[in-house]
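S.K.: Below are the structure tokens for one structure; questions will follow.
The values are calculated or read from the model by the stated rules, or taken from the named source; none is laboratory data. Quick caveat: nothing in here was measured; it's all calculated off a predicted structure. Neighbour counts run over all protein chains shown; Cβ positions are idealised from the backbone, glycine included. To get the accessible areas, we keep the full protein, side chains included, count just its heavy atoms, and leave off ligands, DNA and RNA. Shrake-Rupley method; radii C 1.70, N 1.55, O 1.52, S 1.80 Å.
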Amino acid sequence: MRRFFSILLSISMILGLAGCTGAKPTEPSENNAFVIGFSQVGSESDWRIANTKSMTDTFAFDADYEFIMENARQKQENQFASVRRFILDGVDLIIIAPTVEEGWLTVLTEIHDAGIPVIIIDRSVAVWDDNLFLTNIGSDFLRQGNLAVEWLEKVTAQEAVSEEEEPDGSTPVSTTLKILHLQGTIGATAQIQRTKALEDAVATHEDWLITSQLYGDFTEAKAYEVMTEYLKENKDIDVLYSENDNMTFGAMRALDEAGITYGEGGDVKIITFDATKEALQYCLDGKINLCVECNPMFGPQVKDLVEKYRNGDTIPKHVYVDESAYTSKDLTQEFIDARAY
Ligand code: GYE
């Protein structure tokens, strides 16, 4: 059955059907390769491209594995269809990078009933029964958001102190910090937690205000579009809190066109998430104030977990990847050049 479906999949890939973006570059194995079906979110961002590469480099060239990846193009229903194909195909394990958290119970139950183990990567699924998956490996998105707001607290406090030191004799007037919030795919863990960190911080700072929440779907094109529209009527922004680098790039283009300055010494402070090479370069060049890292290169860690599972070892329910945050002071050109994503 599995071989029949492998052949079908190969044919559909040749015909460019089904959103398949890759599989084992060699002939589908006729031996005892361990077959993994992977449903990837899409190709919405540089982060995603790097994550796909890390997963593919890890599994697709290892003769012990047959790796079938399908690209969901950011649609959960495409993920359901892929998973059901994987079940029919009789794969040995399914990996899902879920688009959004909700709505997984039925499909995860179907996988469970078929006796196939599941690993959730990157974002999470909201199901009460965590026996429905082996483990969830990815970022601690709430921590990322907290790193961002802690940095903002620090710089705004420093600026307040230096204003107090102005020798003009006047008492500093407390002004509102106007934060424009660009959000990623609504319902994705990366969006939910990064938003939560900001909203919680705003709730505890009476002089912080989210002036607007714009929907950028984690893509550069969407962010450019919504920012361009927004800036026609509103130009008073102190901080741009953008939930990924690609949206930040779109926003920067819109800010340029509106004649608004940003980055170090500019009108708008920019906080971005992912810390891809391009964003770090902007940061070093003073155009982005803070890059919070989101590490996509965890393919080898996923393989480690798969191998532990195959050996019958116990594996933790949640594995977080290592991450930090960067301002221009933390960066050098050598560091950026050597970066893998
Ligand atoms: O930040 C963004 C992407 O879920 C970590 O999704 C991921 C996010 C990442 O498209 O760039």
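S.K.: Is it the case, given these coordinates, that ILE237 is more than 20 Å from THR52 (Cβ to Cβ), in a loop (DSSP other than H, G, I, E, B) and within 16 Å of the ligand (Cβ to nearest atom)? Spell out the reasoning first.
M.R.: Values: more than 20 Å from THR52 (Cβ to Cβ): yes; in a loop (DSSP other than H, G, I, E, B): yes; within 16 Å of the ligand (Cβ to nearest atom): no.
No.
S.K.: Taking the range 220-256 on its own, how many of its residues are surrounded by 24 or more Cβ atoms within 10 Å (Cβ to Cβ) and of a type in the set (Ser, Thr, Tyr)?
M.R.: Adding up the residues that qualify gives 3.
S.K.: Could you list, in sequence order, the residues of the range 312-332 that are β-branched (Val, Ile, Thr) and touching a residue at least 40 places away in the same chain (Cβ under 8 Å)? If you could, list the steps in order and put the result at the bottom.
M.R.: Just the residues of the range 312-332 that are β-branched (Val, Ile, Thr), to begin with: 314-315, 319, 321, 327, 332.
Those that are β-branched (Val, Ile, Thr) and touching a residue at least 40 places away in the same chain (Cβ under 8 Å): ILE315, VAL319, VAL321, THR327, THR332.
S.K.: Please specify each residue of the range 124-139 satisfying the condition of being polar (S, T, N, Q), within 16 Å of the ligand (Cβ to nearest atom) and in a strand (DSSP E or B). So that I can check it myself, show each step before the final result.
M.R.: Restricting attention to the range 124-139, the residues satisfying the condition of being polar (S, T, N, Q) are 124, 131, 135-136, 139.
Those still in the list that are within 16 Å of the ligand (Cβ to nearest atom) too: 124, 136, 139.
Within the range 124-139, just ASN136 meets the criteria.
S.K.: Which of the residues that make up the range 224-280 are among the acidic types (Asp, Glu), under 20 Å from ARG194 (Cβ atoms) and either in contact with a Gly (Cβ under 9 Å, 6 or more places away or on another chain) or at pLDDT below 95 (or both)?
M.R.: Residues of the range 224-280 among the acidic types (Asp, Glu): 225, 229, 233, 236, 238, 243, 245, 256-257, 264, 267, 274, 278.
Imposing the further condition that a residue be under 20 Å from ARG194 (Cβ atoms) reduces the set to 238, 243, 245, 274, 278.
Selection gives GLU243 alone.
S.K.: To continue, here is another question. Across the range 72-84, what is the total count of residues that are surrounded by 19 or more Cβ atoms within 10 Å (Cβ to Cβ) and either closer than 14 Å to ILE121 by Cα or acidic (Asp, Glu) (or both)?
M.R.: So the count comes out to 1.
S.K.: Let me ask you something else. Would you be able to say whether some residue in the range 153-167 is at pLDDT 95 or above and within 16 Å of the ligand (Cβ to nearest atom)?
M.R.: no
S.K.: Taking ILE260 as meeting all but one of (1) over 28 Å from GLU159 (Cβ atoms); (2) in the same structural domain as ALA223 (by TED's automatic domain parsing), write down the number of the exception.
M.R.: Of the numbered conditions (1) over 28 Å from GLU159 (Cβ atoms); (2) in the same structural domain as ALA223 (by TED's automatic domain parsing), the odd one out for ILE260 is (1).
S.K.: Please identify the pairs in which a residue from the range 203-225 that is free of Cβ contacts under 8 Å to residues at least 40 places away in the same chain has its Cβ atom under 9 Å from the Cβ atom of a residue that is open to solvent by 80 Å² or more (accessible area, probe 1.4 Å) and within 16 Å of the ligand (Cβ to nearest atom), counting only partners at least 6 apart or on another chain.
M.R.: Between residues of the range 203-225 that are free of Cβ contacts under 8 Å to residues at least 40 places away in the same chain and residues that are open to solvent by 80 Å² or more (accessible area, probe 1.4 Å) and within 16 Å of the ligand (Cβ to nearest atom), the close pairs are TYR215/ILE186; LYS222/TYR215.
S.K.: Here's a follow-up. Regarding the range 302-313, can at least one residue be identified that is in contact with a helix residue (DSSP H, G or I) (Cβ under 6 Å, 6 or more places away or on another chain) and under 25 Å from THR189 (Cβ atoms)? Break it down stepwise before answering.
M.R.: So in the range 302-313, the residues in contact with a helix residue (DSSP H, G or I) (Cβ under 6 Å, 6 or more places away or on another chain) come out as 303.
In the following step, the residues that additionally are under 25 Å from THR189 (Cβ atoms) were identified as 303.
Yes, the range 302-313 has at least one match.
S.K.: If only one of ALA72, ALA148 is modelled with pLDDT of 95 or more, more than 30 Å from ASP330 (Cβ to Cβ), of a type in the set (A, V, I, L, M) and in contact with a helix residue (DSSP H, G or I) (Cβ under 9 Å, 6 or more places away or on another chain), which one is it? Explain how you work it out, then say what you get.
M.R.: On the way: ALA148 fails: more than 30 Å from ASP330 (Cβ to Cβ).
Answer to the selection: ALA72.
S.K.: Within the range 183-216, track down each residue that is within 12 Å of the ligand (Cβ to nearest atom) and in a strand (DSSP E or B).
M.R.: Restricting attention to the range 183-216, the residues satisfying the condition of being within 12 Å of the ligand (Cβ to nearest atom) are 183-185, 187-194, 216.
Result: GLN183, single match.
S.K.: If you don't mind, another one. If you go through the range 4-18 one residue at a time, do you hit one that is buried (at least 20 other Cβ atoms within 10 Å of the Cβ), closer than 19 Å to GLY299 by Cβ and either within 16 Å of the ligand (Cβ to nearest atom) or at pLDDT below 95 (or both)?
M.R.: Taking every residue of the range 4-18 in turn, none turns out to be buried (at least 20 other Cβ atoms within 10 Å of the Cβ), closer than 19 Å to GLY299 by Cβ and either within 16 Å of the ligand (Cβ to nearest atom) or at pLDDT below 95 (or both).
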